[in-house]
Amino acid sequence: MRVENLKNIGPKTAAWLHDTGIHTRADLEAMGAVMAYKILKHQKPKQVTILLLYALDGALSGKHWNALGPERKAALKREADTRLHVAPSQS
């Protein structure tokens with residue numbers, strides 16, 4: 001299923017996802033809502049808010065973003081707030 005057909009995903013978000021190489025539900029699922037959010041937040045820091053993270057998670061679970069419980073939202077926010085750790089190169 002194409003991302004523009006998922007719950008919570010409007011034309012602007014779909015275009016942003018396409019720009020990052022996410023075209024289908026399977027692409028989004030493989031990357032994960034949190035990582036997709038982090039990439040989009042890095043690319044568009046003034047436009048992307050935490051609501052996009054909830055929307056992406058809801059898109060994968062088939063729920064409206066506002067139907068996510070407070071525990072789920074808090075868990076997503078915690079995960080999104082963790083820094084990415086890149087292993088040092090072996091050269």
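Nothing in this text is a laboratory measurement; each read-out follows from the coordinates by a stated rule. Since this is a predicted model, take the numbers as computed values, not measurements. In this analysis, Cβ positions are derived from the backbone assuming ideal geometry, glycine residues included, and neighbour counts consider all displayed protein chains.
Working from label points 7 Å from Cα in the Cα-to-Cβ sense, the residue 50 to residue 77 distance is 0.2 nm. Would you mind classifying the stretch 1-48 by shape? Square roots of the alpha carbon gyration tensor eigenvalues, ordered a ≥ b ≥ c; an a/c under 1.5 is rounded, otherwise it is prolate if a/b is larger than b/c and oblate if not. It comes out oblate by the Cα gyration axes. For residue 24, the residues whose amide H sits under 5 Å from its own are 3, ignoring neighbours fewer than 5 places away on the same chain, with H placed 1.01 Å from N. Computed from the Kirkwood radius of its Cα pairs, the Stokes-Einstein diffusion coefficient for the chain at 10 °C and 1.306 mPa s stands at 118 µm²/s. Modelled spin labels at residue 15 and residue 27, positioned 7 Å past Cα toward Cβ, are 1.6 nm from each other. Rounded to the nearest 500, what is the 222 nm mean residue ellipticity of the chain from helices alone, with -39500 (n - 2.57) per DSSP H run of 4+ residues and division by all residues? Dividing the helical sum by the residues of the chain leaves -16500 deg cm²/dmol.
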